[in-house]
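The structure under discussion appears below in the form of structure tokens.
Every number in this text was worked out from the coordinates using simple rules, so none of it is lab data. Fair warning: this is a prediction, and the values are worked out from it, not measured in the lab. So basically every Cβ, Gly included, is an ideal-geometry build from the backbone, and we count neighbours across all protein chains shown.
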Amino acid sequence: MKLSATFTALLSLVPFAVAQQAAWGQCGGIGWTGATTCVSGYACVETNEYYSQCIPSSSAPTSSSSQGGGTPTTTSSGGGATSTAGLNSAAKAAGKMYFGTATDESEFGSDAAYAAILKETTEFGQLTPLNSMKWDSTEPERGTFTFTAGDQLVAEAKANGQIVRGHNCVWYNQLPSWVTSGNFNTTALTSIIQTHCSTLVSHFKGEILYAWDVINEPFNDDGTWRSDVFYNTLGTSYVSIGLNAARPADPSAKLYINDYNIENTGAKATAMVNLVSSLKAAGVPIDGVGFQCHFIVGEVSTTMQTVMEQMTALGVEVAITELDIRMTLPSTTALLAQQQKDYETVISQCKAVSGCIGATVWDFTDKYSWVPSTFSGQGDACPWDSNLVKKPAHDGIVAGF
Ligand code: XIL
């Protein structure tokens, strides 16, 4: 009895004593119990108190900031953007890990001008797949997995030197009909979620895969649980089933729950705080909460910082995951100026919370934004216009950092 306890204790020390973290992997931060030194040629650099990362020694900062972007010029309000700073550079100068954008090969694969902006790491240090890792794309038939488009997104990020947020494992939307209409019992649906999450997450496992939105949009706006095939069959347990399947599939990925309308204090934000709290208490793996931030010009949240602080107090990190700020078309100079202020308001709340590790826009250009096709009569929600020209909103983001 005594011997085996000693042996177990010793064993548990071994990996920490000898392992060195791989390139781009985590090497420190609050709650981190893994390796704190990096493989040869890489240095462990603190991004914020929650995260240190192995980055090439050649690009590790020596004394002052090496990222630039600290002193942007932001004088415009009506015309185009005037800031010379890049969004990712500004985020890093503010101590964040990244500024990123959602995209997919369907866009960067056939639009050279778009792709040229996408690969500028002064602007974007992180990519999220718009659609290519969703259930209907990755497991259109039970047990048949197709990763081509997701692999293209990851290859693009790798070629550009960007990290990736996986999106997503379990969501009521963009779900193939074999899942929604299968009439599965609890045992079968549990196994289906486990297989989907673990196959998806393990396929994309790698040094640039930073985080996964394991659970997407679990709540209704009043904070009650969304009625979908997962909740209706398994109750709230589907959340832990997904998270528990994702953890061993990629132990170094941060596991998130992601939702919208949790940015304002209120019933839905409270429901998310309570969920994270109960998962933590039950020992279910949960590392982060994503604030989607699909906002309307003139109506952005000013209480997001409070909600973010409630989350980080529970020991999870937070991120802005799908930011865009739409307006009723046509756009005017005044609306674009308000949008600039709104972007600044949103970003400055992430800046103020040390556990807010980064921000992602849900595509960077109005050319491809999902808004016009989803919200009738609305659009122009992104920091670049449909001609790929920077808008005042770009300055607003820089000013927010
Ligand atoms: C959207 C995509 O942008 C669209 O192309 C697709 O038709 C529908 O889904 N919340 C999310 C994202 O978590 O996955 C959604 O993306 C936007 C809302």
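Placing +1 on each Lys and Arg Cβ and -1 on each Asp and Glu Cβ, with no other charges, gives the stretch 138-289 a dipole about its Cα centre of roughly 320 debye. In this rough spin-label picture, where each label sits 7 Å from Cα along the Cβ direction, the Q174-A155 distance is 2.0 nm.
Each peptide in 372-378, 118-124, 92-98 was scored by the mean count of other Cβ atoms within 10 Å over its residues; highest first, the order is 92-98, 118-124, 372-378. Springs join every pair of Cα atoms under 10 Å in this Gaussian network model of the chain, and among L243, L234, L130 the largest mean-square fluctuation is at L234. Give me log10 I(q)/I(0) at q = 0.17, 0.25 Å⁻¹ for the stretch 317-395, Debye formula, one equal scatterer per alpha-carbon, no solvent. For the stretch 317-395, the Cα-only Debye profile gives -0.64, -1.18.
Stretching the chain fully between N131 and A313 yields a gain of 62.3 nm (0.36 nm per residue, less the alpha carbon separation).
From helices alone, the chain scores -11000 deg cm²/dmol at 222 nm; the rule is -39500 (n - 2.57) for each run of n ≥ 4 DSSP H residues, then divide by the residue total. Sequence-ordered 3J(HN,Hα) estimates for the stretch 116-124 from the Karplus curve with 6.51, -1.76 and 1.60 and θ = phi - 60° stand at 5, 6, 4, 8, 6, 6, 5, 8, 10 Hz, glycine and proline given as x. What you get for the stretch 115-220, charging only the Cβ of Lys and Arg (+1) and of Asp and Glu (-1), is a dipole of about 160 debye around the Cα centre. Annotation: the stretch 313-354 has a Kirkwood hydrodynamic radius of 12.2 angstrom, from the mean reciprocal C-alpha pair distance.
Contact order, relative form, for the stretch 229-377: 21 percent (alpha carbon pairs under 8 Å, 6 or more residues apart, mean separation divided by residue count).
Counting other Cβ atoms within 10 Å as a rough exposure proxy, the listed residues Y210, Y260, Y42 run Y260, Y42, Y210 from fewest neighbours to most.
Inverting the pair-averaged 1/r between distinct Cα atoms of the chain gives 21.7 Å as its Kirkwood hydrodynamic radius. You can think of it this way: the chain between S386 and Q20 has 127.3 nm of extra reach, that is 0.36 nm per residue less the Cα-Cα gap. Could you work out which residue, out of A246, A334, A81, moves most in a Gaussian network model of the chain, that is, has the largest mean-square fluctuation with Cα springs under 10 Å? Checking each option, the largest mean-square fluctuation is seen for A334. Normalising the average separation of contacting C-alpha pairs (under 8 angstrom, six or more residues apart) by the number of residues puts the relative contact order of the chain at 15 percent.
For the stretch 123-266, pairs of C-alpha atoms spaced more than 28 angstrom apart make up 17 percent of the total. Per the Kirkwood formula applied to alpha carbons, the stretch 189-289 shows a radius of gyration over Rh ratio, Rg over Rh, of 0.96. Scanning the chain for DSSP H helices at least 15 Å long along the axis (C-alpha atoms) with a Kyte-Doolittle mean no lower than -1.0 picks out 2-18, 148-160, 186-204, 237-249, 267-281, 333-352.
The Rg/Rh ratio of the stretch 223-351, with both radii computed over alpha carbons and Rh defined as the Kirkwood radius, is 1.04. Counting beta carbons within 10 Å around each of F99, F230 and listing the fewest first gives the order F230, F99. As a proxy for reagent exposure, ranking R165, R142 by other Cβ atoms within 10 Å from fewest up yields R142, R165.
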